Amino acid sequence: MSKDEQIDNANSAIKLEDIARKLGTSVSTISRALNERPGVSVALRQRIQDLARASGYQPARGRRSGSQTVGFAVTADHAATADPFYPRILWSLEARLAGAGYHVLLVRLSDQAENRLARVVGEGRVDALVVAGPDIDPTHIRLARSLGVPVVLVDNWLRGSGTDAVLSDNRGGMQEATEHLLEVHGLTRLAYVGGPLRWPSNLDRYLGFRSALEQAGVAPVAVAHEPATEVDTGVQAGRRVLASRDRPQGIVAANDAMALGVMLAAQELGLEIPRDLSVVGYDDVPAAALARPGLTSVHVDLEALGTMAGQWILNRLRDPGPPPVRAEVSVELVVRQSCGCSAEGGVGEETVGHPPEVKENLEGG
């Protein structure tokens, strides 16, 4: 994007929402009818097209099918955050698509996500959509698919949706981080703090944590699932877990934001990390290396996620026929001091592994 483009509400004298309101149907139905896509009865399609013509409806200025533009849809919370996770994915997506002559349009999803997705496609603003984030409502993913443009999910997956997905190896990465605490440091009283299990990446990370514990023959001393994965929710979860009678020796957090919150909670209670508590996170955001002590974390190659999403979009624009693919980018544990390792290069030498590998699986729908 040469500038920060956003979807606004002043596209034409009459909008998709106006037509939907007059006919008592949804914006997505209006979009499908006006773009000759399936899923609308012949009679309703004709009524929609007649009303659109009579009302003087026009698609958004300068945007038609073949716009050479790909939408990057993300929740408003992720778009506004200072966390660089999704911006870095967006930047690498832009770089990959620019080489093929495509631009990227930022689509911020909020309470009116369904209308925004239907409008941006229905008005011909984009040729494809990249939908990023585990907190995207599954109904919005299915809607995006129904609008007839290629869709690729990033950091999300919806079984049975027929949608390509690009993720990190969430389960394997969290299992490796947990095994590090179990095997290298000999900790057996471990707790987990994370987000909602309905988010695919959070579920996979929690399953990785549980898998490591089950293989070691131990049970978690506490588990906290918060409504969001932020520093504040990490503080709240950390306070509760650390106040329990059987205080854990280590806490595994679903992401670095929550891990940093746990570290703040520990400091509030007068606990020293890692002497009194080991902490590991996931994502390896820049703040992980700046924390004191440095936060041990699972490194995710965000640039690889964005580049791969861009490549899959280009593949689908050329040939939409092949079955959907779920691709996982490999991850690496970056060992710092918060887990109990040394900074001087013994067991705890800070390391980053090899360049990411990709595992691809065909998904049957």
The answer for residue 298, listing residues at least 5 apart or on another chain whose modeled amide H is closer than 5 Å to its amide H, is 281, 282, 283, 284, 334
Sorted by chain and then number, the residues having a modelled amide H within less than 5 Å of the amide H of residue 224, at least 5 places away or on another chain, are 192, 193, 194
Residue by residue through the stretch 294-306, the couplings from Karplus 6.51 cos²θ - 1.76 cosθ + 1.60 with θ = phi - 60°, in Hz, x for Gly and Pro, are x, 8, 5, 8, 8, 7, 10, 7, 5, 5, 5, 4, x
Residue separation between residue 198 and residue 53 times 0.36 nm, minus their alpha-carbon distance, gives in nm 48.0 nm
FRET efficiency (residue 95, residue 228; Cβ distance; R0 25 Å; to 0.05) is 0.30
In nm, the gap between the two label points placed 7 Å beyond Cα toward Cβ at residue 264 and residue 244 is 2.2
If N is the residue count of the stretch 220-319, its Cα Rg over 2.2 N^0.38 Å rounds to 1.33
Subtracting the Cα-Cα distance of residue 276 and residue 41 from 0.36 nm times their residue separation yields 78.1 nm
Heads up, the stretch 207-255 by the C-alpha gyration tensor (a ≥ b ≥ c square roots of eigenvalues; a/c under 1.5 rounded, else a/b over b/c prolate, else oblate) looks oblate
Once amide hydrogens are built 1.01 Å from N within the peptide plane, the residues lying 5 or more places from residue 104 or on another chain with amide H under 5 Å from its amide H are 70
Here the stretch 143-151 yields Karplus 3J(HN,Hα) values (6.51, -1.76, 1.60; θ = phi - 60°; whole Hz; Gly and Pro given as x) of 4, 4, 4, 6, 7, x, 10, x, 10
Semi-axes of the stretch 169-251 from the Cα gyration tensor (sqrt of 5 times each eigenvalue, largest first, whole Å) come to 19, 17, 9
Rounded to the nearest Å, the spacing of the alpha-carbon centers of the stretch 231-288 and the stretch 147-180 is 26
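Where a number appears in this text, it was derived from the coordinates with a stated rule and is not lab data. The model shown is predicted, which means the values in this text are computed figures rather than measured ones. Methodologically, a virtual Cβ is constructed for each residue, glycine included, from the backbone with ideal geometry; neighbour enumeration extends over all protein chains shown.
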